[in-house]
1. Where nothing but the Cβ of Lys and Arg (+1) and of Asp and Glu (-1) is charged, how large is the charge dipole of the chain around its Cα centre, in debye to the nearest 20?
2. Karplus couplings for segment 170-184 from phi (6.51 cos²θ - 1.76 cosθ + 1.60, θ = phi - 60°), rounded to Hz, Gly and Pro as x?
3. Pick out, from 249, 166, 195, the residue whose Cα sits farthest towards the positive end of the charge dipole of segment 123-274, with +1 on the Cβ of Lys and Arg and -1 on the Cβ of Asp and Glu.
4. Report the local net charge at residue 231: Lys and Arg +1, Asp and Glu -1, summed over other residues whose C-beta lies under 14 Å from its C-beta.
5. Using alpha carbons only, how many angstrom separate the centre of segment 125-143 from the centre of segment 225-254?
6. With axes computed from alpha carbons, what is the tilt in degrees of helix 236-253 against the longest principal axis of the chain, rounded to the nearest 10 within 0 to 90?
7. Expressed as an acute angle from 0 to 90° and rounded to the nearest 10, what is the orientation of the C-alpha long axis of helix 75-112 relative to the principal long axis of the chain?
8. Taking the Cα centre of segment 74-114 as origin, sum charge times position over the Cβ atoms of Lys and Arg (+1) and Asp and Glu (-1), and report the length of that vector in debye to the nearest 20.
Amino acid sequence: MDDTGLTIGQAARLAGVSAKALRHYQRLGLIAEPARGANGYRRFRPADLLRVRRIRRLQALGLSLAQIGVVLGGPEGERALPAVLAELRAELDAQIAALQERRAAVDQMLADGGAGAIDRLPASSPTMRLLEAQVEPGLAVDPWLRAADQQLFDVLDTALGADPVYQARMAELAGLIAAHPADYRALLALGERLVALATADRGDPEVAALAADLRAARDTNTLLAAAGALEIAADPAVAGALGDMLGATAAGLTSPAQRRVLALAGIAPLEEADG
């Protein structure tokens, strides 16, 4: 037996890891079981420390220990390295995009100021992703409309996302979007008119005109009619609470003229000044 080499404590210090980490790497097969001296203690060689250094550098890149085991597994692993790195690159791209979105939200809050900016933070809705997947490719959607829909569906997803009935209703709506692209384009056109009223006066003639067109569309547009008829919660108390939450969310997103349109169209409750 050879008593040369380093004890596990010495090896851990030189490699910049703990003795526990070295044992963990051994159990996973990332480093070979070192030879033992006459006293039965492990004796580590410089080659072991260099391998630990490679493991740590790959970990710093973001590779999991399982991926590192593949990459350091010999010639086969070296051939797998490009695919592993490509997967890591895609994960990093997604993380960067998420961080950029968060930074944009912080910048927007700084610009807006006030607690009301919290309610305008970007929302992420699985239902929105489902519905948007049915939209014909290349169709442009106004950013304000999309953000508003994200906020409203986020309220519903948070409350009902795990409910199979809600999931079925949203799947039905997605199917209708795919089956009626012309009706979807018509809704977008109405939505763009609503966007244009963001800075308008409540007495603008377009307010009443758009409200009338929306009322008519509730009978003639398949998607708007279906959305209006959806029963998203069987419990009256839950349905009422959700309605109030959606109303409050919409009120925080819209201007007085836009709220007037929705009230006159019967989509939102009339405000006291509208009665």
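1. Roughly 2380 debye, rounded to the nearest 20.
2. For segment 170-184, the Karplus curve yields 5, 5, 4, 5, 4, x, 5, 4, 5, 7, 10, x, 5, 5, 5 Hz.
3. 195
4. Computed value for this residue: -2.
5. 21 Å
6. With both axes taken from Cα atoms, the answer is about 90 degrees.
7. That helix lies at roughly 40 degrees to the long axis.
8. I would put it at about 60 debye.
Quick note: the coordinates plus some simple rules give every number you see, no bench work behind them. Treat the numbers as computed from the prediction; the structure is a model and nothing was measured. Methodologically, a virtual Cβ is constructed for each residue, glycine included, from the backbone with ideal geometry; neighbour enumeration extends over all protein chains shown.
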